[in-house]
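Notes follow the structure.
Rule-based calculations on the coordinates, nothing more; no lab input. Worth saying up front: this structure is predicted, and the values here are computed from it rather than measured. Because the Cβ atoms are built from the backbone with ideal geometry, glycine has one as well, and the counts that use them run over all protein chains shown.
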Amino acid sequence: MSRFFDPAYIPAYPDNTLLKTVVDFQNLGFEILLAKEAQPSMTFFDIGAIIYYASIIPWEFPDFSVDHCLSQLTQLDQLIQNDGSVTTKEDRFILVTRKM
């Protein structure tokens, strides 16, 4: 969704990946007990929820405001009106380690 609001969007923490984090912890002498990635879906049923979501995570939606993003918000609202919801994917990972 970040790229929908800003096609030139660059993640705030592009190096925050599972692979890099695993390597970093291994180099620090940790044993990897669990390393998994997930791309869960997040579904929005009204435009107010999208506005709230975008406004509370400024690292994901830099310079977000209703005025600045009105065109994109109008498009999303129309999609919600037509389809009942808008779904986006999130990138997540979990890493469990133990110091060796």
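Assuming R0 = 22 Å, what is the FRET efficiency of residue 56 and residue 87, from their Cβ-Cβ distance, to the nearest 0.05?
Efficiency, rounded to the nearest 0.05: 0.70.
First check a/c for segment 59-100, with a ≥ b ≥ c the square roots of the eigenvalues of its C-alpha gyration tensor; if it is under 1.5, answer rounded, and if not, answer prolate when a/b is larger than b/c or oblate otherwise. List each step's numbers first, then the result.
On the way: a/c = 7.93, a/b = 2.08, b/c = 3.81.
Note, shape of segment 59-100 comes out oblate.
Within the chain, which is the longest segment that contains none of the chymotrypsin sites (Phe, Trp or Tyr not before Pro) sitting in a DSSP loop with at most 15 other Cβ atoms within 10 Å?
60-100
What are the lysines whose alpha-carbon lies under 21 Å from the alpha-carbon of residue 99, with same-chain residues fewer than 8 places away excluded?
Cross-link targets: 20, 36.
Starting from the Cα of residue 42, step 7 Å along the direction of its Cβ; do the same at residue 71; then give the gap between the two resulting points in nm.
2.4
Using 13 Å as the cut-off for backbone N distance, which residues of segment 1-41 belong to the label zone defined by a point 7 Å from the Cα of residue 99 along Cα→Cβ?
Residues 28-31 qualify, since their backbone N sits under 13 Å from the label point.
How far is helix 18-27 tilted off the main Cα axis of the chain, in degrees rounded to 10, range 0 to 90?
Rounded to the nearest ten degrees, it is 20.
For segment 81-95, take each phi angle, set θ = phi - 60°, evaluate the Karplus expression 6.51 cos²θ - 1.76 cosθ + 1.60, and give the result in whole Hz per residue in order, putting x for glycine and proline.
Rounded to whole hertz, the list is 4, 6, 9, x, 5, 10, 10, 10, 9, 10, 9, 9, 8, 10, 9.
For segment 2-45, what does the alpha-carbon gyration tensor say about shape, rounded, prolate or oblate, given a ≥ b ≥ c as the root eigenvalues, a/c under 1.5 as rounded, and a/b over b/c as prolate?
Taking the square roots of the gyration eigenvalues as a ≥ b ≥ c, segment 2-45 is oblate.
Out of the GluC sites (Glu not before Pro) in segment 25-100, which ones are loop residues according to DSSP with at most 15 other C-beta atoms within 10 Å? Mind showing how you got there, number by number?
Working: sites: 31, 37, 60, 90; in loops: 60, 90.
Sparse-neighbourhood loop GluC sites (Glu not before Pro): 90.
I'd like the orientation of helix 47-56 relative to the chain: the angle between its Cα long axis and the longest Cα principal axis, in ° from 0 to 90, rounded to 10.
40
Could you give the semi-axes, largest first, of the ellipsoid that matches the chain, computed as the square roots of 5 times the alpha carbon gyration tensor eigenvalues and rounded to whole Å?
35, 15, 10
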